[in-house]
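Visitor: Quick one: the structure is below, and I'll ask about it shortly.
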Amino acid sequence: MILTDVHTHSAFSADGVSPLAEMLARAEALGVKYYGVSEHFDYDYLADGVLCEGKAVPMTDAEAYFACARALQAERGHGTRLLVGSEFGYTPNTRAHAMYADVIRRYSPDFVVNSVHTVDGTDVWFGEYFAGKAKEPAYRGYLERVKESLDAPYRYDIVGHIGYVARNAPYPDRAMRYADYADLLDGILRRIVARDKILEVNSSGRGAGDFIPGTDVLARYFALGGRLVSFASDAHSTDRICDKRGEVAAALRAVGFTHIAVPDRGKRHFVEI
């Protein structure tokens, strides 16, 4: 089996733990063919004044990150292919759009993960977002922002971790089921197919399940013609690289998917599941 893991974070990200060189060494030790690091570019936080538990989130030092990552990339031979990417936190704020476009212009990341973390000036990981909200409107607000993010005016390759809102939600049943949000999810999935983007399957489901989105959403995506999926552990430390990849691969095969897509500088590698 050829291993891939595209969407991880090192200590260059504010919430990352392990140095990038250690992350890459671990990926190599595991035999990962395509390893993607995608440090956080949280310009949604910056543009909208979002705080993390009352504090401003430190921004990734783009110059230092890309210099280090490109140097490590140049050192490697024909084993693990290091892909130097970015994760952009979507917001409708045009100031952030300009900043993301500038990262692309200046550093030409090998791939971009377009994700939604914040809604209405709050990160949906934190309890503040859920205060006074029942599960359905809380999740719908998030999904509406995900749908909007698909029209982001900058280049991106992967639609990241749909279901992020459920990871740390305060409800007894956190799962985001297709049947409960079919109208919104159909709109999202159809747009992903129409825009020829890659749907990420993220094994850091936490309380939302073993992986996000769940099998029911993946099955609907497949039924709508979606065939482009990527695998992401969303690892922030060496011990989680490729975590649950076997479980995700088995679920994808059961739905009917045959390959995992890996974006690489405008091209795609296809790896048999």
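Visitor: Scan region 22-38 and report the pairs whose first residue is within 14 Å of Met1 (Cα to Cα) and whose second residue is in a helix (DSSP H, G or I) and of a type in the set (A, V, I, L, M, F, W, C), with Cβ atoms within less than 7 Å and a gap of 6+ or a chain change.
Guide: Listed pairs, sorted by first residue: none to list.
Visitor: How many residues does region 164-180 hold that are part of a loop (DSSP other than H, G, I, E, B), surrounded by fewer than 24 Cβ atoms within 10 Å (Cβ to Cβ) and touching a Phe, Trp or Tyr at 6+ places or on another chain (Cβ under 9 Å)? Let's see the steps before the verdict.
Guide: Pass one, region 164-180, residues part of a loop (DSSP other than H, G, I, E, B): 167-177.
When the remaining residues are screened for being surrounded by fewer than 24 Cβ atoms within 10 Å (Cβ to Cβ), the result is 167-168, 170-175, 177.
Next, from what is left, pick out any that are touching a Phe, Trp or Tyr at 6+ places or on another chain (Cβ under 9 Å): 167-168, 170-171.
Going through region 164-180 one residue at a time, the tally reaches 4.
Visitor: Does Ser204 fit the bill of being part of a loop (DSSP other than H, G, I, E, B), more than 23 Å from Asp120 (Cα to Cα) and hydroxyl-bearing (Ser, Thr, Tyr)?
Guide: Considered against the rule, which asks whether it is part of a loop (DSSP other than H, G, I, E, B), more than 23 Å from Asp120 (Cα to Cα) and hydroxyl-bearing (Ser, Thr, Tyr), Ser204 comes out as yes.
Visitor: Turning to a different aspect of this structure: Considering only helices (runs of 4 or more DSSP H) fully contained in region 31-140, which possess at least 2 residues that are hydrophobic (A, V, I, L, M, F, W, C)?
Guide: Here the list reads 43-48, 62-75, 94-107.
Visitor: Would you confirm whether or not region 254-273 contains a residue that is within 26 Å of Pro109 (Cβ to Cβ), among the small types (Gly, Ala, Ser) and crowded, with 17+ Cβ neighbours inside 10 Å?
Guide: Within region 254-273 (the criterion being within 26 Å of Pro109 (Cβ to Cβ), among the small types (Gly, Ala, Ser) and crowded, with 17+ Cβ neighbours inside 10 Å), the answer is yes, since at least one residue qualifies.
Quick grid of which residues meet (1) surrounded by 21 or more Cβ atoms within 10 Å (Cβ to Cβ); (2) farther than 22 Å from Tyr171 by Cβ:
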site: Ala62; (1), (2): no, yes
site: Leu72; (1), (2): no, yes
site: Arg81; (1), (2): no, yes
site: Asn93; (1), (2): no, yes
site: Ala101; (1), (2): no, yes
site: Phe111; (1), (2): yes, yes
site: Phe126; (1), (2): no, no
site: Lys133; (1), (2): no, no
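Visitor: Which of (1) surrounded by fewer than 21 Cβ atoms within 10 Å (Cβ to Cβ); (2) outside any strand (DSSP E or B); (3) of a type in the set (A, V, I, L, M) does Leu218 not meet, given it meets every other one?
Guide: (1)
No lab work stands behind these numbers, since they all come straight from the coordinates. Just so it is clear, the model here is predicted, and its values are computed rather than measured. Using ideal geometry, Cβ is built from the backbone for each residue, glycine included, and neighbour counts are taken over all protein chains shown.
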